[in-house]
Amino acid sequence: MLRPEPETMIKPAQSVPVYRSDDFTVTDGANLGDGINIADDLSPDDIYGLSADAERVRLSLVADGEGGFSVGEDTEVGHPGAVLHFDCCCTFMARDGVTTEVLILVELDTDGMVDEVYALPLAPLQPKTDYALVGVDTDTPQRKLAEVACVSFTRGTLITMMSGAQRPIEDLQVGDKVLTRDDGPQEIRWIGQTTARAVGAFAPIVITAGTLNNENDLIVSPDHRLFIYQRQDRLGAGRSELLVKARHLVNGTSIYHRDGGFVDYFQLLFDDHQIIYAEGIAAESMLVDTHTRAMLPDEVARAMSAELTGHRTRPHLSFEVQESLLDRPDAAELLRRASTR
């Protein structure tokens, strides 16, 4: 059973690829020459451009469990331990009418003043492209991060029910009992649904039929973790029970990003973080933590306040495989063989 002891728990961390503020600057408008900034200093209709030599750098976020964030130790940018504030979500429009959302993260110094500003695009930004600032939303930046971090199945995914029958996720209802690996039949407490452009952080991962012994194509959000039981430790993880993020298995053939169009994402919430069965293989349900809590409607969070504490004591983090072990083109095949032989 995936139940690590409390003393082995680690603070939930998430790495996000960001641009520094001076990588994304105003090329025409009131703030000409300025880099992307906090909401109070932005001017609508300013035109922004991405520097030709701009590179995204990895910013590590650590949740404090009370709704706040700081810079993690394993980071390429920022000062470990510094407070991070989610300032706003900016919407930019290119000349072809396509819009792109960018989260603005602010690192504070020890006096609580702005030390650095980072841009986290939710879809790719391109150099030599004009981006007009058409919207600034200070109310939902953490919800946008939650949408990225939240594990989600796509429309049509078959979920194994208590009876063993498989039902499309869009046909499920609150109260339905789903088969879980650790606790048998469990009632669904909440079902979330979002629709997003299938680009950048929201482009789903397709795991083609049979790749991990799945019966049909399994299409999930990039950070969705799959449960693998290794009969032989072919990966060298040092244990048999593994959780593997879908995006770490992308090989461009049997597992790939599906970019373009729109995608319907669904989230399943139980009293505890569960391992359920989708398209015949084991995958995690929604984990409520500081990253994802903003996804829940206030009334659901209040009604489940007692149960949600169980998500903090059972996040399965000690079973997650490091990306370095999966940085090989045959990782998916190794896991498939390890789970069947």
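Each row is one residue, and each column tells you yes or no for (1) of a type in the set (Phe, Trp, Tyr); (2) farther than 30 Å from residue 68 by Cα.
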position	(1), (2)
145	no, no
153	yes, no
157	no, yes
168	no, yes
182	no, yes
225	no, no
245	no, no
249	no, yes
252	no, yes
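Residues of the stretch 116-130 that are hydroxyl-bearing (Ser, Thr, Tyr) and open to solvent by less than 10 Å² (accessible area, probe 1.4 Å): 118 alone. Scanning the stretch 200-218 for residues that are at negative phi and open to solvent by 30 Å² or more (accessible area, probe 1.4 Å) yields 201, 208, 209, 215, 216, 217. Counting the residues of the stretch 32-49 that are open to solvent by 30 Å² or more (accessible area, probe 1.4 Å) and either closer than 15 Å to residue 21 by Cα or of a type in the set (Asp, Glu) (or both) gives 9.
Residue 12 meets each of the listed conditions (1) modelled with pLDDT of 95 or more; (2) crowded, with 19+ Cβ neighbours inside 10 Å apart from (1). Report, by residue number, each residue of the stretch 186-199 that is open to solvent by 10 Å² or more (accessible area, probe 1.4 Å), part of a loop (DSSP other than H, G, I, E, B) and under 17 Å from residue 257 (Cα atoms). Selection gives 199 alone. Restricting attention to the stretch 141-185 and to residues that are touching a Leu at 6+ places or on another chain (Cβ under 8 Å) and assigned to a helix (DSSP H, G or I), the residue that is farthest from residue 219 (Cα to Cα) turns out to be 141.
In the stretch 70-115, what count of residues is obtained for those that are charged (D, E, K, R) and open to solvent by less than 50 Å² (accessible area, probe 1.4 Å)?
2
Only residues that are over 21 Å from residue 197 (Cβ atoms), under 23 Å from the mean Cα position of the chain (by Cα) and in a strand (DSSP E or B) were counted in the stretch 106-140, giving 4.
The values are calculated or read from the model by the stated rules, or taken from the named source; none is laboratory data. Being a predicted model, the structure only gives us computed values, none of them experimental. No Cβ is skipped: glycine too gets one built from the backbone with ideal geometry, and neighbour counts run over all protein chains shown. Accessible surface is based on the protein model in full, side chains and every heavy atom, while ligands, DNA and RNA are left aside. Shrake-Rupley method; radii C 1.70, N 1.55, O 1.52, S 1.80 Å.
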